[in-house]
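Remarks on the structure that follows.
The values are calculated or read from the model by the stated rules, or taken from the named source; none is laboratory data. Predicted, not measured: the structure shown is a model, and the values here were computed from it. Here the Cβ is made from the backbone with ideal geometry for all residues, glycine too, and neighbour counts use every protein chain on show. These accessible areas exclude ligands, DNA and RNA; they are computed on the full protein's heavy atoms, side chains included. Shrake-Rupley method; radii C 1.70, N 1.55, O 1.52, S 1.80 Å.
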Amino acid sequence: MRPVIGITANSIIAENTYFPGSERSCVNVEYIQAVVAAGGTPIVLPVINNQTAIHRQAQIIDGLLVTGGFDIHPLLYGEEPFERLEFIDPDRDNHEIELVTMAHGLNKPIFGICRGIQLINVAFGGSLYQDISQSPGSYIKHMQKSKREVAGHTVEIMKNSRLYEVFGEFVVANSFHHQAVKEVAAGFMVNALSKDGIIEGIEKAGANFVVAVQWHPEHMIYRYPVMLNLFKRFVTEAAKWQQQSLLP
Ligand code: MN
């Protein structure tokens, strides 16, 4: 059975609609397509703030995909907003932190992309650079202007990581972020770095699959099939969880 992958939604104000200005809880189709191509059953988890309903969202999925989006409220990691902070949405922050906490408590696999790596790091007690210009020695363009599937910069992958099993020693990734992980959450290891020392991936030590990357593999799966392998790895973990949950 195709495992159910919950994809966290972004709240946006939609203009191209019968009801201009309406708020929508939705995801980019590339996440959906990548989950289907990797063998999963995608469902969208809309942004809600009812604790019991969030718990049910975490219960009905076999794996959690934490998606890209805007900035995370810096108060959540003990900082005041700096000048270069961009749009924040505390409702989405709270929803996703609850989901990550609950899904992890149920030992379900979690995969984070872009904002997702930042959210997971903050949810487990880490911090962020509110803007990459704060990172000492940064010189690479991490907010590329080219097409989304274009591989922008090199990423070095750490040995003895789950990411290494998928990519080997390095991969070339797209880059659409102005923030990055600063202090890594306790219990996590860095599994990927750019040449200027920006953290491009983290994963949790131990048995549970909690892996996150700073780039957008969902936009690269057709031109670079290795990027689909990362989704397949995650969906395989979700299938394992599903099989185990169906045992009598
Ligand atoms: Mn980057």
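Assorted remarks:
- Among the residues of the stretch 149-163, those identified as in contact with an Asp or Glu (Cβ under 9 Å, 6 or more places away or on another chain), over 9 Å from G201 (Cβ atoms) and within 13 Å of the ligand (Cβ to nearest atom) are H153, E156.
- Selection of the stretch 126-142 for residues being loosely packed, with under 14 Cβ neighbours inside 10 Å, more than 10 Å from the ligand (Cβ to nearest atom) and in a loop (DSSP other than H, G, I, E, B) yields P136, G137, Y139.
- With respect to the conditions (1) at pLDDT below 95; (2) open to solvent by less than 50 Å² (accessible area, probe 1.4 Å); (3) not small (G, A, S); (4) not in a loop (DSSP other than H, G, I, E, B), L163 lacks only one, and its number is (1).
A quick yes/no check of all residues on (1) of a type outside the set (F, W, Y); (2) free of Cβ contacts under 8 Å to residues at least 12 places away in the same chain; (3) within 25 Å of A180 (Cβ to Cβ):
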residue: R56; (1), (2), (3): yes, yes, no
residue: I61; (1), (2), (3): yes, no, no
residue: L64; (1), (2), (3): yes, no, yes
residue: I72; (1), (2), (3): yes, no, yes
residue: L76; (1), (2), (3): yes, no, yes
residue: P90; (1), (2), (3): yes, no, yes
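- Count of the stretch 178-192 residues which are open to solvent by 10 Å² or more (accessible area, probe 1.4 Å) and within 11 Å of the ligand (Cβ to nearest atom): 1
- Residue in the stretch 104-115 that is open to solvent by 10 Å² or more (accessible area, probe 1.4 Å) and in a strand (DSSP E or B) present: no
- The listed residues are K145, K204, K195, and the only one of them that is out of contact with any Asp or Glu (no Cβ under 6 Å at 6 or more places or on another chain), touching a residue at least 24 places away in the same chain (Cβ under 8 Å) and away from the ligand (no atom under 13 Å from the Cβ) turns out to be K204.
- In the stretch 45-80, residue nearest to I5 (Cα to Cα) [restricted to those that are surrounded by fewer than 16 Cβ atoms within 10 Å (Cβ to Cβ) and among the β-branched types (V, I, T)]: I60
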